[in-house]
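The values are calculated or read from the model by the stated rules, or taken from the named source; none is laboratory data. In this text, all values refer to a predicted model and were calculated from it rather than measured experimentally. Ideal geometry is used to build each Cβ from the backbone, glycine not excepted, and the neighbour counts take in all protein chains shown.
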Amino acid sequence: MSSKRLKLLLIRGLGHSGTTMLDLALGAHPQIIGLGEAARILATPRPGDEHRGPSQLRGAHRFERRCTCGVVAAECPIWGPQLEWLRLHDQAPMQEKVQRLLMDSPHAGEAVWHVDSYQDDLQMTRLPEALFDIRIIHLVRDVRSWVHSRAQAGRKAGQRWPAARQLARWWRVNAKFERAFRQSSYPVFRLGYEEFALQPQRSLQLLCSWLSIEFQETMLAPGLNSSSHILAGNRVRFDADRSRKIAYDGAWLAEPGPTAAHLGLLLPGVARMNRRLVYFNDLLRR
């Protein structure tokens, strides 16, 4: 296989599972460039999407929205030229868009991984192996923590049975990704949000070894060291305090007594999936 293939690292999983923080942490490595939710930006906007960020970035909004590299999108060395090109070539296939983004990157030709962290995309996982050297990180948050977080948001939105709805979603989406990754020819690294947030150094050392690069201490302070170019992603990307270090959101642990989120582990299939996907690397054993 040609060594000239474009290196692309995909972070996939449910939203609100730490993907943006992982993108920032990886982007603090000199051989990794984070692109945020690139697949979301590159996808052709559908009718009715005119008010959404990706569509607006093709217009005047690119002169207003700031990239994590510190300049507005139109002036970003990676996204600026791409957004101008997208404005005129939005009907091009995703493969052409991704190729252009990576080949026109200031880091093209270097032994650099570009990272896409649009959690819900599977289209990039099907890009041709002849052109792309792709690795996939399947990032999964403990079902109890994730359901607690999303059920709170559901209750505020007036949903009925928010915990049950979110439990079903956790199961359905992660099962979908597992099936897709089994069918993919690309290597997959399973990483739990709990492993990443509670044992960041060991997690990132494993990831670096998997990518055949040396671990860098700078990765442990993403907000201070990341060279990512993130236009779309969680708001934590611009929160200097929260992105300064990798920390665990353990709010669910303070809930009194067993909650609906805990009860999900009474379902054997959910419990097995949680162990298999979240604690695969066995980094939290005492």
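Conditions (1) crowded, with 17+ Cβ neighbours inside 10 Å; (2) modelled with pLDDT of 90 or more, marked per residue:
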residue: Glu214; (1), (2): no, yes
residue: Thr218; (1), (2): no, yes
residue: Ile230; (1), (2): yes, no
residue: Arg235; (1), (2): no, no
residue: Asp239; (1), (2): no, no
residue: Ser243; (1), (2): yes, no
residue: Gly250; (1), (2): no, no
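Can you find, within region 49-60, the residue that is surrounded by the most Cβ atoms within 10 Å (Cβ to Cβ) among those that are part of a loop (DSSP other than H, G, I, E, B) and not charged (D, E, K, R)?
So, considering only residues that are part of a loop (DSSP other than H, G, I, E, B) and not charged (D, E, K, R), the one surrounded by the most Cβ atoms within 10 Å (Cβ to Cβ) is Leu57.
Need at least 2 residues that are over 19 Å from the mean Cα position of the chain (by Cα) per element, so show me which helices (runs of 4 or more DSSP H) inside region 109-200 make the cut, counting only ones lying wholly within it.
143-156, 162-183
Report the residue count in region 91-108 for those that are under 13 Å from Lys4 (Cβ atoms) and in a loop (DSSP other than H, G, I, E, B).
Residues that pass the stated criteria total 1.
Looking only at region 183-197, count how many residues are out of contact with any Ser or Thr (no Cβ under 9 Å at 6 or more places or on another chain), closer than 18 Å to Ile11 by Cβ and either at pLDDT below 95 or surrounded by 16 or more Cβ atoms within 10 Å (Cβ to Cβ) (or both).
Result for region 183-197: 3.
Taking the condition of being in a helix (DSSP H, G or I) and among the hydrophobic types (A, V, I, L, M, F, W, C), how many residues in region 29-48 meet it?
4
Considering (1) in contact with a Lys or Arg (Cβ under 8 Å, 6 or more places away or on another chain); (2) closer than 23 Å to Ser226 by Cα; (3) exposed (fewer than 14 other Cβ atoms within 10 Å of the Cβ), say which one Phe63 fails and leave the rest.
Just one mismatch for Phe63, condition (1).
Need pairs with beta-carbon distance below 7 Å; first residue β-branched (Val, Ile, Thr) and within region 40-54, second surrounded by 17 or more Cβ atoms within 10 Å (Cβ to Cβ); sequence gap 6+ or separate chains.
If the second residue must be surrounded by 17 or more Cβ atoms within 10 Å (Cβ to Cβ), the pairs left are Ile41/Pro54; Ile41/Leu57; Ile41/Leu231; Ile41/Ala232.
Check whether at least one residue in region 72-86 is part of a loop (DSSP other than H, G, I, E, B), among the small types (Gly, Ala, Ser) and more than 22 Å from the chain's Cα centre (by Cα), and report yes or no.
no
If we keep just the residues of region 93-117 that are surrounded by 16 or more Cβ atoms within 10 Å (Cβ to Cβ) and aliphatic (A, V, I, L, M), which is modelled with the lowest pLDDT?
Per the criteria, the residue is Val112.
State which residue is nearest to the chain's Cα centre (by Cα) when the search covers only region 49-69 and only residues that are modelled with pLDDT of 90 or more and among the small types (Gly, Ala, Ser).
Among those that are modelled with pLDDT of 90 or more and among the small types (Gly, Ala, Ser), it is Ser55.
Per-residue answers, yes or no, for (1) touching a Phe, Trp or Tyr at 6+ places or on another chain (Cβ under 6 Å); (2) free of Cβ contacts under 8 Å to residues at least 60 places away in the same chain; (3) at negative phi:
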residue: Trp85; (1), (2), (3): no, yes, yes
residue: His89; (1), (2), (3): no, yes, yes
residue: Leu101; (1), (2), (3): no, no, yes
residue: Pro106; (1), (2), (3): no, yes, yes
residue: Gln123; (1), (2), (3): no, no, yes
residue: Leu127; (1), (2), (3): no, no, yes
residue: Ile136; (1), (2), (3): yes, no, yes
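When the residues of region 5-17 are filtered to those that are under 22 Å from Trp146 (Cα atoms) and modelled with pLDDT of 90 or more, which remaining residue is surrounded by the fewest Cβ atoms within 10 Å (Cβ to Cβ)?
Ranking the qualifying residues of region 5-17, first place goes to Leu14.
Quick check on Leu26: is it part of a strand (DSSP E or B) and either crowded, with 23+ Cβ neighbours inside 10 Å or in contact with a Cys (Cβ under 6 Å, 6 or more places away or on another chain) (or both)?
No; evaluated as a whole, the condition is false for this residue.
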